[in-house]
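Colleague: One structure, as structure tokens, below. Some questions next.
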Amino acid sequence: MGNTFKTAFLLTALTLLLLFIGRALGGQNGMIFALVIAAVMNFTAYFFSDKIALATYRAQPVTREELPRVYQVVERLTQRIGLPLPKIYVIPIDSPNAFATGRNPQHASVAVTQGILNLLNDEELEGVLAHELGHVNNRDILISSIAATIAGAVTMLANMGKWAMIFGGMERDDRDRGGGFAALFMLILAPIAAMLIQLAVSRSREYQADASGAHYTGNPYALASALQKLDAYSHRLPMAASPSTAHLFIVQPLLGMNFGNLFSTHPPIAKRIERLTGRPAEFEP
């Protein structure tokens with residue numbers, strides 16, 4: 001029920017935001033246009049947010065013959081949990097990471113980077129895949145995917161506002177009206193994107209998925225070891241991830257100084273390891 005409410009809240013917030021912008025820019029006709037755009041965005045966010053997330057990172061579907069190592073683990077885990085087999089994707093980058101997406105367990109996808117396949121041993125990889133299936137079984141994936149799509153749309157509006165501010169500034173008479181309104185977009189809309197994610201995707205979901213993954217495998221130390229490796233190597237091989245989708249991954253991609261704290265949707269790795277193993281992690285977060 002909680003995630004259902006959050007999904008409705010996000011879609012309603014997007015609609016109201018677009019209606020407000022349409023009214024401000026175009027009066028009643030602007031509101032009508034914005035309502036049409038909101039309907040399209042809501043439909044897209046619900047049914048295609050997973051495909052958008054996968055396409056953002058050029059994830060490629062793989063068959064059982066191409067990646068038997070992952071399929072064998074996922075098949076074993078899904079049978080144990082009682083979940084349908086998700087679609088498996090590989091992201092062709094060296095930075096190690098993984099995420100799950102989809103609107104429900106029947107339409108779920110799990111994506112792993114080439115880097116994580118190269119880095120982890122079989123037990124650690126099983127821990128990561130069990131974590132991602134934890135997100136699927138806990139019904140986290142819809143709200144996460146919708147939050148990514150909406151945050152991306154709001155960030156795009158903020159960028160449009162930036163250009164409007166630049167061009168609005170050329171006309172002195174329009175500075176207060178056009179440029180000032182665009183400046184307001186920049187001040188408000190980008191933080192709204194972050195707030196939507198923070199409201200919808202709490203850090204507790206990562207702890208829950210860690211606990212679920214450890215329960216499914218019966219081996220919390222394997223997931224703890226994987227998290228330790230992922231944290232170290234993701235710093236050495238940073239991933240070019242957008243702030244609006246960073247919350248999808250098992251460890252937060254590095255986003256740079258401007259966005260790192262604003263979009264920090266993951267608990268510290270050291271605390272996650274401590275919860276898994278019951279003792280402090282052996283490294284600084």
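Since every read-out is calculated from the coordinates, none of them should be taken as a lab result. Because the structure is a prediction, the values reported are computed rather than measured. Quick reminder, even Gly has a Cβ in these numbers, built from the backbone with ideal geometry, and neighbours come from all protein chains shown.
Colleague: Write out the trypsin sites (Lys or Arg not before Pro) in the range 7-100 meeting two conditions: DSSP loop, and at most 12 other Cβ atoms within 10 Å of their Cβ.
Modeller: Taking the range 7-100 and a limit of 12 other Cβ atoms within 10 Å, the loop trypsin sites (Lys or Arg not before Pro) found are R58.
Colleague: Right, here's the next one. What ranking do D231, D210 get, fewest neighbouring Cβ atoms within 10 angstrom at the top?
Modeller: Ordered by Cβ neighbours within 10 Å, fewest first: D231, D210.
Colleague: Taking H placed 1.01 Å from N in the peptide plane, check which residues at least 5 places from Q60 or on another chain put their amide H under 5 Å from its amide H.
Modeller: V90, I91
Colleague: Could you line up S225, S49 from fewest to most neighbouring Cβ atoms inside 10 Å?
Modeller: Placing the least packed residue first, the sequence is S225, S49.
Colleague: So how do 141-152, 7-18, 95-106 stack up, highest first, on mean other-Cβ count within 10 Å?
Modeller: Highest mean packing first, the order is 141-152, 95-106, 7-18.
Colleague: Please arrange V40, V251 by how many other C-beta atoms lie within 10 Å of their C-beta, fewest to most.
Modeller: Taking fewest neighbouring Cβ atoms as first place, the list is V40, V251.
Colleague: Which FRET efficiency value, to the nearest 0.05, is calculated for Q60 and F5 with the Förster distance at 45 angstrom and r the Cβ-Cβ distance?
Modeller: The value I calculate is 0.85.
Colleague: On alpha-carbon atoms, Rg over Rh for the range 1-126 using Kirkwood Rh?
Modeller: 1.13
Colleague: Any number yet on Rg/Rh for the range 54-162, C-alpha, Kirkwood?
Modeller: Radius of gyration over Kirkwood radius for the range 54-162 works out to 1.02.
Colleague: Which GluC sites (Glu not before Pro) from the range 1-101 combine a DSSP loop assignment with at most 13 other Cβ atoms within 10 Å? Can you show the working numbers first?
Modeller: Details: sites: E65, E66, E75; in loops: E65, E66.
For GluC sites (Glu not before Pro) across the range 1-101 that sit outside H, G, I, E and B with at most 13 neighbouring Cβ atoms in 10 Å, the list reads E65, E66.
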